[in-house]
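In what follows, a structure is listed as structure tokens, so that the remarks can point back to it.
The values are calculated or read from the model by the stated rules, or taken from the named source; none is laboratory data. These figures come from a predicted structure and were not determined experimentally. Using ideal geometry, Cβ is built from the backbone for each residue, glycine included, and neighbour counts are taken over all protein chains shown. All accessible areas refer to the heavy atoms of the entire protein, side chains included, with ligands and DNA or RNA removed. Shrake-Rupley method; radii C 1.70, N 1.55, O 1.52, S 1.80 Å.
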Amino acid sequence: SVVYIIDIEGEGEILKTINITDTSSSNIVNSIPADLTIITADQTQKANYHGAMIYAADLEGKITKINATDNGNMFDQTVLFNAESNSSNGRYIYNSLEATINNDKLWLYFGTGNTQKLQDQSNKTQNRVYGIKDKDFPSYVDINPPGDVSKCKTSPTCPGSSDLGWYVNLPNAQKLTAEPTVDKDRVYFPIYEPTSGTNACKTGKAILTAYDSKCGNSVLNVNLGTGVLSKVVKQGDNLYIGIAGEVNKNISGFTSKDNIITGKS
């Protein structure tokens, strides 16, 4: 797994190649398929640095923090969180992180799921969605050992100041299908649930879930149809979700036209 720093103002030369360390305990062939999450000073007043703090999510479930700022050693890296992923539990991270500031802390939201095998229903599959804090932001601090779910809380217990955040176990071999979206005090996760039993070959459910951004309490769980949901896009007071599949009829609180579903923020 590699992150490249490229000079786009020059001739596109590679300024730095950052190798992301693989986890020896994971049997996943690692890579970084998702876009990097990059926090710069024009995104938050808390970023009191020049440059950027970079967060990379990889297939074997690690969130790596890379220091590309003028504070500390340039391009140092540390693992902020480890989802303890392997090919059995299926906790691959294919989608980007969503970042926001809550209670003066930087929070990162993400989830897991093997989107290359959406219909997989092994009884060992255990995907999750997460909301975790970078308690050191905007500073860079080496973390050892990395955070994991033992440092997080689950609903109805909200994480305290010493906790890393929260997580939710997804039931029924559910998988995250797109990047989360934060809107006000909630975070939306598009979920796919495969059909089981004699109907296992049929297209599964497209479920939109939402959780309180600071506590992880469920505030929405609605079946929008069959197929795969896109990322939730917010514009003004409206939320827009695409679906590759068929929309359910008469969904309370939502309207649809063709493959676009609209709800109110």
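Points worth noting:
- For the chain, the per residue solvent-accessible surface stands at 48 Å², with DNA, RNA and ligands left out and a 1.4 Å probe.
- Average Cα contact separation per residue, the range 194-265, under 8 Å, 6 or more apart, as relative contact order %: 22
- Unit Cα scatterers, Debye sum, the range 172-245: log10 I(q)/I(0) for q = 0.19, 0.23, 0.24, 0.25 Å⁻¹: -0.75, -1.01, -1.08, -1.14
- Distance cut-off 22 Å, percentage of C-alpha pairs in the range 1-127 lying past it: 41
- Rounded to whole Å, sorted largest first: equivalent-ellipsoid semi-axes of the range 133-263, Cα gyration tensor: 31, 18, 13
- Exposed loop sites here are GluC sites (Glu not before Pro) assigned a DSSP state other than H, G, I, E or B and surrounded by at most 13 other beta carbons within 10 Å; excluding them, the longest clear run of the chain is 14-265.
- Across the range 128-141, rounded Karplus estimates of 3J(HN,Hα) from the backbone phi angles (6.51 cos²θ - 1.76 cosθ + 1.60, θ = phi - 60°) give 9, 10, 9, x, 10, 9, 9, 5, 8, 4, x, 7, 9, 9 Hz, Gly and Pro being marked x.
- Highest-fluctuation residue, D183, D136, D35 considered, GNM on the chain with Cα pairs under 10 Å: D136
- Solvent-accessible area of the range 1-67 (1.4 angstrom probe, protein heavy atoms only): carbon and sulfur portion equals 47 percent.
- When each of the peptides 236-243, 117-124 is scored by the mean number of other C-beta atoms lying within 10 Å of its residues, the order from highest to lowest reads 236-243, 117-124.
- Values of log10 I(q)/I(0) for the chain across q = 0.08, 0.12, 0.16 Å⁻¹ run -0.33, -0.74, -1.25, by the Debye formula with one identical scatterer at each alpha carbon and no solvent.
- Rounded percent of accessible protein surface that carbon and sulfur make up, the range 91-153, 1.4 Å probe: 41
- The value of relative contact order for the chain, using C-alpha pairs under 8 Å at least six residues apart, is 11 percent.
- Of I54, I20, I101, the one that fluctuates the most in a GNM where the chain has Cα springs shorter than 10 Å: I101
- Close amide H contacts of V182 (hydrogens built in the peptide plane, cut-off under 5 Å, sequence separation of 5 or more or a different chain): Y188.
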